[in-house]
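Coordinate-derived values only; no laboratory data. The shown structure was predicted, so the numbers you read here are calculated from the model rather than taken from an experiment. Methodologically, a virtual Cβ is constructed for each residue, glycine included, from the backbone with ideal geometry; neighbour enumeration extends over all protein chains shown.
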Amino acid sequence: MDEANTICPVILCGGAGTRLWPLSRKSYPKQFAQLLGRESLFQGTVRRMAEAGFAAPLTITGEDFRFIVTEQLAAVEQVARATLIEPEPRNTAPAILAAALWLRESNPDALMLVAPSDHVIPDTPAFRASVTAAIPAAQAGTLVTFGVTPTRPETGYGYLALTPEADLQAVVPQPLAGFVEKPDAARAAQMLTEGRFLWNAGIFLFSVKALIAAFNRHAPDLMEPVAGAVAQSQADLGFTRLAAESWAQARDISIDYAIMENADNLAAVPLTAHWSDLGGWEAVWQESGPDGQGNVVSGHALAQDCRGTLLRSEAEGLELVGIGLDNIVAVAMKDAVLVARKDRAQEVKDAVATLKAQGVAQATAFPRDHRPWGWFESLAVGDRFQVKRIVVHPGGALSLQSHMHRSEHWIVVAGTARVTIDGQESLLGENESVYIPLGCVHRLENPGKLPMVLIEVQTGAYLGEDDIIRYEDIYARR
């Protein structure tokens with residue numbers, strides 16, 4: 001691809017999936033989890049577009065995920081062109097429009113490849129071939145979407161209906177007759193037989209100019225609030241915060257409903273690459289490559305006389321054993337366990353809704369709490385005490401803070417900690433400790449080049465995370 005054909009990836013990573021609970025939760029959704037292999041789905045998406053012909057990605061995410069995005073990009077040696085922060089979720093149409101308006105400032109003729117961050121496409125060369133085939137149509141002003149040739153009568157996906165003369169074997173843009181909502185089983189089987197329908201992959205290639213024109217024509221009410229949010233955006237530690245007041249005026253609507261189902265300058269490119277949206281545990285089982293007995297077993301699990309079963313333990317020191325199981329999904333974490341028939345695993349979202357209504361923290365909160373400086377997790381909680389493991393990235397620093405209701409003991413188990421207590425600094429190495437009395441103004445930093453690991457013992461009448469008075473914070477948290 002020459003410079004004129006360089007594509008700007010726009011990666012949508014603000015979703016909060018529940019169908020892969022307990023590994024995916026609102027506070028740490030599936031795009032950031034290591035569901036397949038050592039990289040997250042988000043990192044796999046970035047890598048797919050990190051070659052010649054693609055610019056650095058523009059990522060769009062929420063307030064809670066901005067530092068996770070940065071950390072995971074750095075782990076695969078990538079840097080975002082920009083990261084737009086949505087003040088609140090507004091679905092894909094406002095998010096994609098915001099990206100287009102942001103890109104227009106530098107190049108109104110740019111091509112933008114919009115992709116979810118939580119899909120699996122293992123064959124990168126085939127994916128790139130499909131994208132390359134779509135470039136001429138996108139440059140000519142066509143709104144191009146990508147579809148997947150169905151392999152089964154799937155009721156969980158929307159479909160793209162091609163015109164009768166379309167050729168599903170040709171990897172070039174095909175005329176698109178319309179969109180079909182998720183069908184029932186009978187209709188899905190009929191569409192599979194007819195052979196002119198594709199699964200809607202939710203991936204698009206547009207020119208910035210053509211997409212903005214489509215919004216002006218088909219969803220003009222979104223232009224003013226989204227344009228205002230972009231125009232009034234503010235830079236914040238390398239992120240771009242969209243203006244909350246304007247953003248709140250944009251309606252919550254998908255790009256399919258707002259634009260694609262109304263436009264007449266559409267085309268669809270059949271993806272020849274294997275694709276999955278990894279929409280549930282059955283899909284994870286399938287994509288993980290079941291063995292000869294149909295089992296998928298993690299390193300901390302054992303399947304004995306099992307068939308068609310997924311056994312996965314995500315907790316250190318917790319061994320999961322299945323005996324005589326057929327078509328079962330069992331996923332164990334330190335704070336939650338899922339056991340379900342594989343063909344009913346989609347119902348986990350209903351169970352999560354019930355847990356949430358009951359006020360159960362595990363419905364939305366992940367046991368490992370990610371922060372801009374690293375992460376922490378609770379190891380033990382009791383009456384007037386809590387024990388945490390804290391990991392601080394190299395160069396990371398907690399805020400300068402104090403507590404009204406607790407004191408703390410810090411024990412360094414790996415790396416070096418710089419500790420400030422009431423203005424006095426000291427360095428602690430492995431197996432050294434310090435006491436933080438109640439009310440003291442203190443800070444913890446990692447001045448080294450390796451992660452610093454610390455055990456924190458809290459004691460006091462109240463141990464909630466909101467017992468923090470911040471005086472300074474390099475991450476500008478409120």
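Couple of notes before you dig in:
- Rg/Rh (Cα only; Kirkwood hydrodynamic radius) as it applies to the chain: 1.00
- Two-site FRET efficiency, Glu261 against Leu302, from Cβ-Cβ distance with R₀ of 45 Å, rounded to 0.05: 0.40
- Of the two radii for the stretch 210-365, the radius of gyration is 1.14 times the Kirkwood radius, both from the alpha carbons; that is the Rg over Rh value.
- With K and R counted +1 and D and E -1, the other residues having a Cβ less than 9 Å from that of Thr364 yield a net charge of +3.
- For the stretch 451-460, 3J(HN,Hα) per residue [Karplus equation, 6.51 cos²θ - 1.76 cosθ + 1.60, θ = phi - 60°, Hz, x = Gly/Pro]: x, 9, 10, 9, 9, 10, 10, 9, 9, x
- Descending Cα extents along the principal axes, the stretch 1-113, whole Å: 44, 30, 21
- Structure note, pairs Lys26/Lys182; Lys388/Lys449; Lys182/Lys342; Lys26/Lys342; Lys30/Lys349; Lys349/Lys388: Cα-Cα distances above 19 angstrom occur for Lys26/Lys182; Lys388/Lys449; Lys182/Lys342; Lys26/Lys342; Lys349/Lys388.
- Along the chain, counting only chymotrypsin sites (Phe, Trp or Tyr not before Pro) with a DSSP assignment other than H, G, I, E or B and at most 15 other Cβ atoms inside a 10 Å radius, the longest segment between sites is 1-461.
- Within the stretch 146-281, the proportion of C-alpha pairs whose separation exceeds 20 Å stands at 56%.
- Unit Cα scatterers, Debye sum, the stretch 301-424: log10 I(q)/I(0) for q = 0.09, 0.13, 0.14, 0.18 Å⁻¹: -0.42, -0.76, -0.84, -1.09
- Length gained on full extension, Glu465 to Thr163: 103.1 nm, using 0.36 nm per residue less the C-alpha separation.
- The chain, helix-only ellipticity at 222 nm - DSSP H runs n ≥ 4, -39,500 (n - 2.57), divided by all residues, nearest 500: -6000 deg cm²/dmol
- The GluC sites (Glu not before Pro) of the stretch 307-416 that DSSP puts in a loop, and whose beta carbon has at most 14 other beta carbons within 10 Å, are Glu316, Glu319.
- Here the contact order of the chain, divided by its residue count and restricted to Cα pairs under 8 Å and six or more residues apart, works out to 14 percent.
- Applying both filters, DSSP loop and at most 15 other Cβ atoms within 10 Å, to the GluC sites (Glu not before Pro) of the stretch 231-309 gives Glu261.
- Under the combined filter of DSSP loop state and at most 14 neighbouring Cβ atoms within 10 Å, the stretch 221-317 retains these trypsin sites (Lys or Arg not before Pro): Arg251.
- Over the stretch 52-183, the reciprocal of the mean inverse Cα-Cα separation, the Kirkwood hydrodynamic radius, stands at 17.2 Å.
- Radius of gyration (Cα atoms) of the stretch 400-457, expressed as a multiple of 2.2 N^0.38 Å: 1.06.
- Net charge in the neighbourhood of Ala353 (other residues with Cβ under 12 Å of its Cβ; Lys, Arg +1, Asp, Glu -1) is +2.
- Degrees, to the nearest 10: 92-104 long Cα axis against longest axis of the chain: 90
- Against the rule of thumb 2.2 N^0.38 Å, how large the Cα Rg of the stretch 199-245 comes out: 1.44
- Computed across the stretch 345-394, the Kirkwood hydrodynamic radius from all distinct Cα-Cα pairs reaches 13.0 Å.
- Gyration tensor verdict on the stretch 16-65 (Cα atoms; rounded if a/c is under 1.5, prolate if a/b is larger than b/c, oblate otherwise): oblate
- All Cα pairs of the stretch 353-456, percent lying beyond 22 Å: 35
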